[in-house]
Amino acid sequence: MADKFSEHKSILLKNGVIVGGKRSPIDILIENGTVKEIGSVTNPSKTTHTVDLEGAYISPGWADVHVHLREPGREDEETILSGSDAAMAGGFTAVCCMPNTDPPLDSEDMITSVKQRANGHLVEVFPLGTVSKERKGEELAEIGNMVDAGAVGFSDDGDPVENEELMRIALEYSKMFGVPIVNHSEVRSLAKGGIMNEGAVSARLGIPGIPSHAEDIMVARDIRLVELTNGRLHVPHISSIETIELVRRAKNKGLAVTCEVTPHHLSLTDSNFEKFDAAYKMNPPLRTEDVMEALRAGLADGTIDCIASDHAPHSPEENEADLLDAPFGLVGLETAFGVCVVNLLDTKVLKLEELVEKLTTAPRKIYNLPSAEIKVGENANMTFFDTTTEWKVDSSEFNSQSRNTPFEGMTLKGKVLGVVNGNKIYSEN
Ligand SMILES: [Zn+2]
């Protein structure tokens with residue numbers, strides 16, 4: 001990783017094809033972190049760091065708005081820096097990290113310390129704060145102070161905000177500060193004890209299931225509270241056909257409701273549980289083929305705003321526990337794009353411009369992150385990649401400190417070749 005990363009006063013990207021732009025390759029000159037020239041750059045100075053992209057695509061830098069960086073508390077699984085390295089290798093120049101660390105990010109000081117730890121890395125880290133003090137679901141955390149310190153949204157992710165009054169107040173604050181409340185949508189009494197989707201497969205295998213109702217009943221409640229407060233709700237990792245319908249109706253009513261879907265819910269189903277492998281244990285769980293198709297369609301028609309990985313590192317000891325006790329989740333930053341190419345581009349669910357939109361413009365808008373435009377005078381913030389190289393997932397090569405992935409050994413397509421942010425560059429070439 002270190003040998004592929006460098007900083008330069010002057011960077012020249014040669015022969016790249018801007019997604020959504022002209023089809024012929026162009027050059028981009030970056031001086032002091034700002035885009036200086038787009039077109040044909042013929043006389044770069046001797047000290048310019050030049051990378052020949054040989055016709056690869058360039059797009060605005062991607063943002064993954066749902067990652068767990070585990071610091072503080074579980075630095076054996078991931079740190080802010082190792083997670084940022086994983087993001088960089090995965091093509092992301094920005095991540096939003098969830099506050100369910102130990103201790104949780106529930107104060108101005110905690111938000112500030114995450115920002116400081118991340119400072120200087122190519123990848124920008126935008127923390128969310130907790131909705132409730134100590135993430136206990138009882139009292140509202142100091143949302144205003146955390147916004148001042150740089151929190152971009154609020155969530156008790158990992159757990160739902162169960163108390164309606166607390167959710168109502170949180171949504172009122174979200175309106176006041178213009179930031180989303182991200183509720184882990186799960187009715188706990190319905191999900192309790194379940195480790196996979198409740199349906200035909202769970203019944204056949206005799207494994208306790210979680211019905212999709214556990215998600216959409218909570219989303220229905222939250223949308224009603226948005227109607228009451230005019231607040232902003234972002235629904236994470238959706239996995240239910242009814243949720244898609246609820247969000248669609250909310251949007252039609254003009255409510256400030258957005259949602260995201262993960263690459264694994266767009267590519268895997270509950271039939272994988274036949275392998276009795278904890279790598280497929282997700283929360284919310286992998287659903288049926290029908291749900292997967294509906295999620296793809298919802299993404300294509302714009303009901304689902306963006307793609308986010310829900311990167312959730314876990315230690316090997318935890319993953320080797322038996323199926324019932326193993327933790328939920330996967331490390332997703334470094335496989336997200338390859339999974340999307342195979343399941344969204346090659347299947348013609350999305351065009352390349354649309355996929356890029358779901359990875360950069362849309363997620364940045366939800367959290368008011370700095371926009372990443374490839375334009376003269378703007379901060380250089382971009383990702384370069386191809387959509388054709390096939391590669392086999394080998395988790396031992398991950399930059400993430402954890403290895404829990406359901407995609408091990410699978411052939412994915414589309415290679416991230418590098419990212420630029422300001423005067424910093426990470427490049428495979
Ligand atoms: Zn969650």
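Only helices enter the 222 nm calculation for the chain: every DSSP H run of n ≥ 4 contributes -39,500 (n - 2.57), and dividing by all residues gives -7500 deg cm²/dmol, rounded to 500.
Put simply, the amide H of L330, placed in the peptide plane, has neighbours under 5 Å in A312, leaving out anything fewer than 5 places away on its chain.
Each residue of the range 155-168 was assigned a 3J(HN,Hα) from its phi angle through the Karplus curve 6.51 cos²θ - 1.76 cosθ + 1.60 (θ = phi - 60°); the sequence is 7, 9, 2, x, 10, x, 7, 7, 6, 5, 5, 4, 5, 4 Hz, with glycine and proline shown as x.
Centre-to-centre separation between the Cα atoms of the range 110-140 and those of the range 333-371: 25 Å. What fraction of the Cα pairs in the range 62-366, stated in percent, has a spacing above 25 angstrom? Considering the range 62-366, 45 percent of its Cα-Cα pairs are separated by more than 25 Å. Separation of the range 189-223 and the range 1-60, taken as the distance between their Cα centroids, equals 48 angstrom. Phi angles across the range 388-400 convert, under the Karplus curve 6.51 cos²θ - 1.76 cosθ + 1.60 with θ = phi - 60°, into 3J(HN,Hα) values of 10, 5, 8, 8, 9, 5, 10, 5, 5, 8, 4, 7, 4 Hz, Gly and Pro given as x. Relative contact order, whole percent, for the range 70-167 stands at 27, derived from Cα pairs under 8 Å and 6 or more residues apart. Relative contact order of the chain, taken over Cα pairs closer than 8 Å and 6 or more residues apart, is 20 percent.
Which of the lysines could a cross-linker span from K115 if the Cα-Cα distance has to be under 22 Å and same-chain partners fewer than 8 positions apart are dropped? Candidates past the 8-residue exclusion: K133, K365, K424. Bridgeable aspartates and glutamates around K348 (alpha carbons under 19 Å apart, same-chain partners fewer than 8 residues away excluded): E289, D290, E293, D301, D305, E357, D386, E390.
Taking only protein heavy atoms and a 1.4 Å probe, the accessible area of the chain is 47% carbon and sulfur. Based on C-alpha pairs under 8 angstrom that are at least 6 apart in sequence, the range 1-119 has a relative contact order of 21 percent.
Between the Cα long axis of helix 241-252 and the first principal axis of the chain there is an angle of about 70°, rounded to the nearest 10.
Highest mean packing comes first when the peptides 386-395, 154-163 are listed by Cβ atoms within 10 Å, giving 154-163, 386-395.
For the chain, the longest principal axis of the alpha carbon atoms and the long axis of helix 213-229 meet at an angle near 80°.
The values are calculated or read from the model by the stated rules, or taken from the named source; none is laboratory data. Worth saying up front: this structure is predicted, and the values here are computed from it rather than measured. Here Cβ is always computed from backbone atoms with ideal geometry, including for glycine, and neighbour counts include all displayed protein chains. Side chains are part of the model used for accessible areas, which takes the heavy atoms of the whole protein and leaves out ligands, DNA and RNA. Shrake-Rupley method; radii C 1.70, N 1.55, O 1.52, S 1.80 Å.
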